[in-house]
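These notes are about the structure you will find just below.
The values are calculated or read from the model by the stated rules, or taken from the named source; none is laboratory data. Because the structure is predicted, anything quoted here is derived from the model rather than measured. Positions of Cβ are backbone-derived with ideal geometry, glycine not excepted, and every protein chain shown enters the neighbour counts. Please note that ligands, DNA and RNA were not included when accessible areas were found on the heavy atoms of the full protein model with its side chains. Shrake-Rupley method; radii C 1.70, N 1.55, O 1.52, S 1.80 Å.
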Amino acid sequence: MPLNFQGHLSLTNFYMITIDNFNLSGKKAIIRVDFNVPLDKETFEIIDDTRIKSSLKTIIKILNDGGAVILMSHLGRPKTGYEEKYSLKHIVAHTSKILGRDVKFVNDCIGTEVKEAVANLKSGEVLLLENLRFHPEEEKGDEYFAKELASLADVYINDAFGTAHRAHASTAIIAKYFSKENKMFGFLMANEITSAEKVMKNTQHPFTAIIGGAKVSDKILILEKLVDVADNIIIGGGMSYTFFKAMGGDIGNSLCEPDRLDIAKKLLEKAKRKNVRFLLPSDSITSDVFGNEGVINIADSMDIKNGFMGLDIGPVAVEEFTKAILQSKTILWNGPMGVFEMRNFRNGTMKIAEAVANATQQGAYSLVGGGDSVAAVNQFGFSDKVSYVSTGGGALLEYFEGKELPGVAAIINS
Ligand code: AMP
């Protein structure tokens, strides 16, 4: 049955195309992983290996089945071809160590040398290809390049949720060179999609979306979508001041996007029309400098003095937000409540992380996604106290905006 994927899909159909349902014995499987890990600029040592660890389960399943694994990934943003600092050779030793077996490496991702390495690859072995983005064809979604990659394997597996919103050769185009039974999602991808679906489609109400961060402009599309589905929308961080300004408040030197005042007003009106509670932080922690060393006050967020800026949510806001969070059955959190990188303005984000963790313990489903909120839950030690921490910032946002993710659609719609 052809599936019509428009941002959301049926979980029953979805499970049929995850790796769990396939036996890969005797097969060569090419997996698109996201091994775009941060490296030390001088020693090229891996600073954080979370992304590699996230795909281990998929790799091990194939090896245990008796298949062979070909790994392909991008690393960084190389401009025109090979750059030493972006070579995936730097991650070979560490990947071998955490996988518990040797990872072979080849200096390119297509071509004769690669074909030879693949021909010599036996069941139970792992081969890592060089950075896909050393070929500009990768990001262009070049068909010939995709076909060359596809020719290396019997089976294609996408386990790179972080790049699922890109129609690149290895994330989407390649899928067309495999038959329906020979392309599937890895475990990471499957978990990401299942958890996003739990929030957006199989939603338990009340559903509270917590959206923070610097700018309204980055979050307009997701907010417009959330007004249709959420019961509560909590706004924190720098973006809240554009809303206060739109309501006629005095926001001093707080962050503001004057060209977004209209859209902020419209969002507030739409929320009211749809009976969605739109919670803005009643009070703010303000400072006269963007740093830890200024004069710090608590102010009404509609009445911030000239020369001062709101850098965190205040105690009343923490209390109001916490109450709404604790009454929720589904929670989505994207973006910090303040400048959590600075010690004087991290309390709001920390308290909200705590509230999300407590709501989860009471039975709510909580999904944290998007770079800075993920960094915050990690930093404050809450990552294993929420239901799911997403690895895909941009991809997750686009999913919630209702956009089709090419990396997901390429496997489902065929
Ligand atoms: P985003 O990438 O849009 O999620 O924004 C995250 C960034 O917003 C973080 O670096 C925060 O420090 C910053 N941020 C959060 N709240 C504020 C605020 N009230 N004023 C200025 N920057 C903020």
Given Cβ charges of +1 for Lys and Arg and -1 for Asp and Glu, the option among ALA395, LEU311, ALA190 whose Cα lies farthest towards the positive end of the dipole of the chain is ALA190
quick note, the chain, DSSP beta bridge pairs, % antiparallel (nearest 5) is 20 percent
Excluding residues fewer than 8 positions from LYS89 in its own chain, the lysines with Cα under 20 Å of it are LYS41, LYS53, LYS79, LYS97, LYS104, LYS115
Most packed first (mean Cβ within 10 Å per residue), the peptides 355-363, 266-274, 229-237 order as 229-237, 355-363, 266-274
Quick shape check on the range 142-191: root eigenvalues a ≥ b ≥ c of the Cα gyration tensor, a/c under 1.5 is rounded, otherwise prolate if a/b tops b/c, else oblate, and it reads oblate
Treating only Lys and Arg (+1) and Asp and Glu (-1) as charged, each at its beta carbon, one finds that the chain has a dipole about its Cα centre, in Debye to the nearest 20, of 920 debye
Expressed in angstrom and rounded, the centroid-to-centroid distance over alpha carbons for the range 69-104 and the range 297-358 is 39 Å
Surrounding charge for ALA153, neighbours by C-beta under 9 angstrom, Lys/Arg +1, Asp/Glu -1, total +1
For ARG166, other-chain or 5+-apart residues with amide H closer than 5 Å (H placed, Pro excluded) are GLY407
Scoring only Lys, Arg, Asp and Glu (+1, +1, -1, -1) among other residues with Cβ under 14 Å from the Cβ of LEU56 yields +3
Computed ³J(HN,Hα) along the range 312-322: with the Karplus parameters 6.51/-1.76/1.60, θ = phi - 60°, integer Hz and x for glycine or proline, the list is 7, 7, x, x, 5, 4, 4, 5, 5, 5, 4
Percent relative contact order for the range 37-146, counting Cα pairs under 8 Å at least six residues apart, stands at 31 percent
For ASP250, other-chain or 5+-apart residues with amide H closer than 5 Å (H placed, Pro excluded) are ASP303, ILE304
Amide H proximity to LEU279 below 5 Å, modelled H, separation 5+ or other chain, gives ILE233, ILE234, ILE235
Other residues with Cβ under 13 Å from the Cβ of GLY237 give, with Lys and Arg +1 and Asp and Glu -1, a net charge of -2
Full extension between ASN306 and ILE47 adds, at 0.36 nm per residue less the Cα distance, a length in nm of 89.1 nm
Per the C-alpha gyration tensor (a ≥ b ≥ c, the square roots of its eigenvalues), the range 196-390 is rounded if a/c is under 1.5, else prolate if a/b beats b/c, else oblate; here it's oblate
Taking a ≥ b ≥ c as the square roots of the Cα gyration tensor eigenvalues, with a/c under 1.5 meaning rounded and otherwise prolate when a/b beats b/c or oblate if not, the range 87-135 comes out oblate
To the nearest 20 debye, the range 127-261 has a Cα-centred charge dipole, built from +1 on Lys and Arg Cβ and -1 on Asp and Glu Cβ, of 280 debye
Given 337-344, 29-36, 76-83, 65-72, the highest-first ranking by average Cβ count within 10 Å works out to 29-36, 65-72, 337-344, 76-83
accessible surface per residue for the chain, probe 1.4 Å, DNA/RNA/ligands not counted, whole Å² -> 43 Å²
With only helices counted (DSSP H, runs n ≥ 4, each -39500 (n - 2.57)), the per-residue ellipticity at 222 nm for the chain, to the nearest 500, works out to -9500 deg cm²/dmol
For the range 42-54, in residue order, the Karplus 3J(HN,Hα) values (coefficients 6.51, -1.76, 1.60; θ = phi - 60°; whole Hz; Gly and Pro = x) are 9, 8, 6, 7, 6, 8, 9, 9, 3, 5, 5, 4, 4
Toy charge model, Lys and Arg Cβ at +1, Asp and Glu Cβ at -1: the range 53-100 dipole around Cα centroid in debye, rounded to 20, equals 180 debye
For the range 196-390, percent of DSSP beta bridges that are antiparallel (nearest 5) comes out at 30 percent
In units of 2.2 N^0.38 Å, the Cα radius of gyration of the chain is 1.06
For LYS274, placing the label point 7 angstrom along Cα-to-beta-carbon and taking the range 205-237, residues whose amide nitrogen sits under 16 Å are 205-211, 219-235
